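Asker: One structure is given below, represented as structure tokens, and several questions about it will come after.
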2 protein chains.
Amino acid sequence: MGDLPRAGQLPAAVGASFAGAPVLITGGLGFIGSTLARRLVGLGARVTIVDSMLPGAGGNLFNVAGIEERVRINISDVRDPNSLQYLVRGQRFLFNLAGQNSHIDSMRDPFTDLEINCRSQLSIMEACRHHNPDIRVVYTATRQQYGRADYLPIDERHPLHPVDVNGVNNIAGESYHILYHQVYGIRTTSLRLTNTYGPRMLIRHPRQTALGWLIHQAVAGARIDLFGGGTDRRDFNYVDDVVDALLLAATDPAAVGEIFNLGGEPVTLRAAVETLLEVAEGGGGCRIVPFPPERKAIDIGEVFTDYTKIARTLGWRPTVPLREGLARTVAFYREHWRHYVDEG
Amino acid sequence: MGDLPRAGQLPAAVGASFAGAPVLITGGLGFIGSTLARRLVGLGARVTIVDSMLPGAGGNLFNVAGIEERVRINISDVRDPNSLQYLVRGQRFLFNLAGQNSHIDSMRDPFTDLEINCRSQLSIMEACRHHNPDIRVVYTATRQQYGRADYLPIDERHPLHPVDVNGVNNIAGESYHILYHQVYGIRTTSLRLTNTYGPRMLIRHPRQTALGWLIHQAVAGARIDLFGGGTDRRDFNYVDDVVDALLLAATDPAAVGEIFNLGGEPVTLRAAVETLLEVAEGGGGCRIVPFPPERKAIDIGEVFTDYTKIARTLGWRPTVPLREGLARTVAFYREHWRHYVDEG
């Protein structure tokens, strides 16, 4: 677990920007945040992780196993404006990844979603404005903000039709970031992530991502229930590719004030599940079942994104094919199952 | 002041829908809310007004002079979820107009704007969902949500580029309304208002609308400072036309779940000011001055909207020309100046 991820596709100059740099990561014990922290430690950054360890969310101390002594871990909640006002000071970069990511939970408890994804983001922007206006900020938004597709693939100009409270609040959270650039000159970038997967994602329960739960079932050898026909196409990014995008966005001046889609090769959900079952060798198979009503009401149908803008502007492309990424992911959970399913 | 506005352009059947109907109006002591309340009283509705009388906002008891005995006035704040949960029960219609409308204030105190325009709207939708799911809701949004125009006139498919915190929060507030229709079947409609003017608007200070302050200056005989060249075009709606749109939206099933622009004939700001000075006869003239920096940062340039969708779907069109509307407005403030400027 002490090994640090390879630098991926990044030019050496990008990595060099982080050597010795103070970096704050909100949500840094979560899936993407911890993978980013591991990469940044390898690049010599001085990483501070903020995480609330909110029960049921993605924070997991095992995600930083092997780098615990090389990062500063600050347990606090982005809903606490005072801790953030202190922690942003002196940082060169802020990767603002903390969020409530469960669409289902956002409908059951919409006010908590609002506090985390909307009000706290405004609070973080105010903290940067007043206490560190020179900070470089990268925010992670979601392609869920687009909702059902008017056309495919979805580019950044596609209208936003959020289909759940989480989508509404994420749009507001992203908008504050872009607004604080336009009005106050804070150097912000938003990346709209598609389905990100890989080692360290939350697979304990089905409330956060469909893919995390599918991986859980495949590794556990359980039969997978595929809602609807599985014929809708989606796109997937392996987490190391997403980390590349975060580092590129943080260092390229052309990214300032911009919103970029990530994205990948579209495949049907059924094909993705079949690939997963093949690499898991010996899962419990797959059956088609009807949508449960509360999921159907917020399902978005066929969705995949156009990532031409980030490819042209920052030179980013996904590099890890789905089969290879799923194989690495399954191998990770086979080895570390207890840290992601049994405990906590 | 006891006279009730004429029914405007509305078909008789629309007016008849409100006879005896229980109607709740949030922000009902404000400019548009009180004009709507006056019309609804004339149609025989049983009107309950909710207003916070927040200092500096548009609430003014004189706005309901002459109908005080025919409406129920409930002073409470939409930020108080308990009062709304009680008040929505048994209502057939909710005109949800309460909002913090000052763009400048939203930048100075972004959290108050968030609480009123974002969190409270979610709270009102939750109240409807749990306590009166059959209610018919019309929400007033703003063309400010579009921000700077990618193309003109702006139709409902134009991307939203909010240029201030108020715009971000209003988008969230509107989105909750549309979402609660899609997910829970609450019958909601959103009208995106352009510059609305007329008797009973707030003209006391310049923080809420530019036009209100221009009217204040014209009636007071002060010299008007026009920021920039005044060459940008805007569109304006007289308040009686906006009330027509609210009543049409509340009664036509084709409006359910929909967003509609209002809009009018585009004119340059300079032409609008010249018309205002002509009808005010004896204002202090007009001079061009540079933009103050804090206003320039959130100025949106030339903006006017395409209202084809509501014209085709609901048969709405603006009927009061700018000169006539301004003449009525100036006459109103000449008669009632002290209630809008000197007092309070």
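The values are calculated or read from the model by the stated rules, or taken from the named source; none is laboratory data. Since the model is a prediction, treat every value here as computed from it, not as a measurement. Note that each Cβ is placed from the backbone with ideal geometry, even for glycine, and that neighbours are counted across all protein chains shown. Keep in mind that these areas ignore ligands, DNA and RNA; they rest on the heavy atoms of the full protein, side chains included. Shrake-Rupley method; radii C 1.70, N 1.55, O 1.52, S 1.80 Å.
Asker: Looking only at the range A:244-266, decide whether some residue is at positive phi and modelled with pLDDT under 95.
Answerer: No, every residue in the range A:244-266 fails to be at positive phi and modelled with pLDDT under 95.
Asker: Moving on to the next point. So is residue A:107 open to solvent by less than 60 Å² (accessible area, probe 1.4 Å), outside any loop (DSSP other than H, G, I, E, B), within 14 Å of another protein chain (Cβ to nearest Cβ) and at pLDDT below 95 or not? Before the answer, list the steps.
Answerer: Values: open to solvent by less than 60 Å² (accessible area, probe 1.4 Å): yes; outside any loop (DSSP other than H, G, I, E, B): yes; within 14 Å of another protein chain (Cβ to nearest Cβ): yes; at pLDDT below 95: yes.
Against the criterion (open to solvent by less than 60 Å² (accessible area, probe 1.4 Å), outside any loop (DSSP other than H, G, I, E, B), within 14 Å of another protein chain (Cβ to nearest Cβ) and at pLDDT below 95), residue A:107 qualifies.
Asker: Does residue B:209 count as touching a residue at least 60 places away in the same chain (Cβ under 8 Å), under 29 Å from residue B:319 (Cα atoms) and away from chain A (no Cβ under 14 Å)?
Answerer: yes
Asker: Could you say which residue among B:67, B:73, B:32 is in contact with a helix residue (DSSP H, G or I) (Cβ under 8 Å, 6 or more places away or on another chain), open to solvent by 20 Å² or more (accessible area, probe 1.4 Å), at pLDDT 95 or above and farther than 25 Å from residue B:253 by Cα?
Answerer: B:73
Asker: For residue B:204, which of the numbered conditions (1) at pLDDT 95 or above; (2) open to solvent by 40 Å² or more (accessible area, probe 1.4 Å) fails to hold?
Answerer: Tallying (1) at pLDDT 95 or above; (2) open to solvent by 40 Å² or more (accessible area, probe 1.4 Å), residue B:204 fails exactly one: (1).
Asker: Which condition from (1) open to solvent by 60 Å² or more (accessible area, probe 1.4 Å); (2) away from chain B (no Cβ under 14 Å) is the one that residue A:310 breaks?
Answerer: Condition (1) is where residue A:310 drops out.
Asker: Has the range B:280-293 got at least one residue that is more than 14 Å from the chain's Cα centre (by Cα), modelled with pLDDT under 95, open to solvent by less than 10 Å² (accessible area, probe 1.4 Å) and of a type outside the set (Lys, Arg)? Step through it out loud before you land on a result.
Answerer: From the range B:280-293, those more than 14 Å from the chain's Cα centre (by Cα) are B:280-293; that's our starting set.
Restricting the remaining residues to those that are modelled with pLDDT under 95 gives B:280-293.
Going one step further and asking which of them are open to solvent by less than 10 Å² (accessible area, probe 1.4 Å), we end up with B:280.
Checking the rest, the ones that are also of a type outside the set (Lys, Arg) come to B:280.
Looking for residues that are more than 14 Å from the chain's Cα centre (by Cα), modelled with pLDDT under 95, open to solvent by less than 10 Å² (accessible area, probe 1.4 Å) and of a type outside the set (Lys, Arg), one finds at least one in the range B:280-293, hence yes.
Asker: If you don't mind, there's one more thing I want to ask. Scan the range A:175-191 and give yes if some residue there is surrounded by 23 or more Cβ atoms within 10 Å (Cβ to Cβ), away from chain B (no Cβ under 14 Å) and not polar (S, T, N, Q), otherwise no.
Answerer: yes
Asker: Looking for something at pLDDT below 90 and part of a helix (DSSP H, G or I) - is there at least one such residue anywhere in the range A:208-218? Give the derivation first.
Answerer: Quick first cut of the range A:208-218, residues at pLDDT below 90 only: A:208-210.
Cutting the leftovers down to part of a helix (DSSP H, G or I) gives us A:210.
Among the residues of the range A:208-218, at least one is at pLDDT below 90 and part of a helix (DSSP H, G or I), which makes the answer yes.
Asker: Within the range B:112-170, work out how many residues are in a loop (DSSP other than H, G, I, E, B), open to solvent by 10 Å² or more (accessible area, probe 1.4 Å) and at the interface with chain A (Cβ under 10 Å from one of its Cβ atoms).
Answerer: Selection size over the range B:112-170: 8.
Asker: Of A:171, A:178, A:135, which residue is at pLDDT 95 or above and in contact with a Pro (Cβ under 7 Å, 6 or more places away or on another chain)?
Answerer: Checking each option against the conditions leaves just A:171.
Asker: A follow-up question, please. Quick check, is residue B:328 under 19 Å from the mean Cα position of the chain (by Cα) and over 21 Å from residue B:154 (Cβ atoms)?
Answerer: yes
Asker: Specify the residue that is nearest to residue B:27 (Cα to Cα); the eligible residues are those in the range B:82-99 that are surrounded by 24 or more Cβ atoms within 10 Å (Cβ to Cβ) and at pLDDT below 95.
Answerer: B:98
Asker: So the check is Cβ under 6 Å with 6+ separation or different chains; which pairs have a first residue in the range B:88-105 that's in contact (Cβ under 8 Å) with a residue 24 or more places away in the chain and a second one that's part of a loop (DSSP other than H, G, I, E, B) and among the polar types (S, T, N, Q)?
Answerer: Pairs that qualify, where the first residue is in contact (Cβ under 8 Å) with a residue 24 or more places away in the chain and the partner is part of a loop (DSSP other than H, G, I, E, B) and among the polar types (S, T, N, Q), are B:88/B:132; B:89/B:132; B:101/B:208; B:102/B:208.
Asker: Applying the selection to the range B:231-244, what residues are under 21 Å from residue B:330 (Cα atoms) and outside any helix (DSSP H, G or I)?
Answerer: Scanning the range B:231-244 gives B:234, B:235, B:236, B:237, B:238.
Asker: Still on this structure, please answer the following. Can we say residue A:298 is crowded, with 17+ Cβ neighbours inside 10 Å and modelled with pLDDT under 90?
Answerer: Yes; evaluated as a whole, the condition is true for this residue.
Asker: Go through the range A:129-157 and report how many residues are closer than 14 Å to residue A:167 by Cβ and out of contact with any helix residue (DSSP H, G or I) (no Cβ under 9 Å at 6 or more places or on another chain).
Answerer: Count: 3.
Asker: Let me ask you something else. Within the group A:319, A:275, A:313, which residue is closer than 29 Å to residue A:24 by Cα, among the hydroxyl-bearing types (Ser, Thr, Tyr) and part of a helix (DSSP H, G or I)?
Answerer: On inspection, the qualifying residue turns out to be A:313.
Asker: Further question on the same structure: Taking the range A:35-46 on its own, how many of its residues are surrounded by 22 or more Cβ atoms within 10 Å (Cβ to Cβ) and within 25 Å of residue A:329 (Cα to Cα)?
Answerer: 6
Asker: Condition first: among the hydroxyl-bearing types (Ser, Thr, Tyr) and open to solvent by less than 20 Å² (accessible area, probe 1.4 Å). Now tell me which residues in the range A:238-260 satisfy that. Spell out how you get there, then give the answer.
Answerer: Here is the first cut: in the range A:238-260, the ones among the hydroxyl-bearing types (Ser, Thr, Tyr) are A:238, A:251.
Correct list: A:238 only.
Asker: Taking interchain pairs and intrachain pairs at least six residues apart, which have beta carbon atoms under 8 angstrom, with the first residue in the range B:286-297 and over 23 Å from residue A:182 (Cα atoms) and the second part of a helix (DSSP H, G or I) and open to solvent by less than 100 Å² (accessible area, probe 1.4 Å)?
Answerer: B:286/B:273; B:286/B:274; B:286/B:277
Asker: Could you please let me know if residue B:85 is of a type in the set (S, T, N, Q), touching a Ser or Thr at 6+ places or on another chain (Cβ under 9 Å) and assigned to a loop (DSSP other than H, G, I, E, B)? First the steps, then the outcome.
Answerer: On the way: of a type in the set (S, T, N, Q): yes; touching a Ser or Thr at 6+ places or on another chain (Cβ under 9 Å): yes; assigned to a loop (DSSP other than H, G, I, E, B): no.
When the stated conditions are applied, residue B:85 does not pass them.
The rows are residues; the columns are (1) among the small types (Gly, Ala, Ser); (2) touching a residue at least 24 places away in the same chain (Cβ under 8 Å); (3) part of a strand (DSSP E or B).
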position: B:172; (1), (2), (3): yes, yes, no
position: B:183; (1), (2), (3): no, no, no
position: B:190; (1), (2), (3): yes, yes, yes
position: B:205; (1), (2), (3): no, yes, no
position: B:229; (1), (2), (3): yes, yes, no
position: B:246; (1), (2), (3): no, yes, no
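Asker: Quick check on my filter: what residues within the range A:180-201 are closer than 20 Å to residue A:320 by Cα and among the aliphatic types (A, V, I, L, M)?
Answerer: Restricting attention to the range A:180-201, the residues satisfying the condition of being closer than 20 Å to residue A:320 by Cα are A:191-201.
Within the range A:180-201, A:191, A:193, A:201 qualify.
Asker: Restricting the search to the range B:33-68, which residues are outside any helix (DSSP H, G or I), touching a residue at least 12 places away in the same chain (Cβ under 8 Å) and not small (Gly, Ala, Ser)?
Answerer: Across the range B:33-68, the qualifying residues are B:43, B:46, B:47, B:48, B:49, B:50, B:51, B:53, B:54, B:60, B:67.
Asker: May I pose another question? If I go through the range B:20-29 residue by residue, how many of them are within 20 Å of residue B:314 (Cβ to Cβ) and either open to solvent by 10 Å² or more (accessible area, probe 1.4 Å) or in a loop (DSSP other than H, G, I, E, B) (or both)?
Answerer: Selection size over the range B:20-29: 1.
Asker: State the number of residues belonging to the range B:313-325 that are under 20 Å from residue B:156 (Cβ atoms) and surrounded by 17 or more Cβ atoms within 10 Å (Cβ to Cβ).
Answerer: 3
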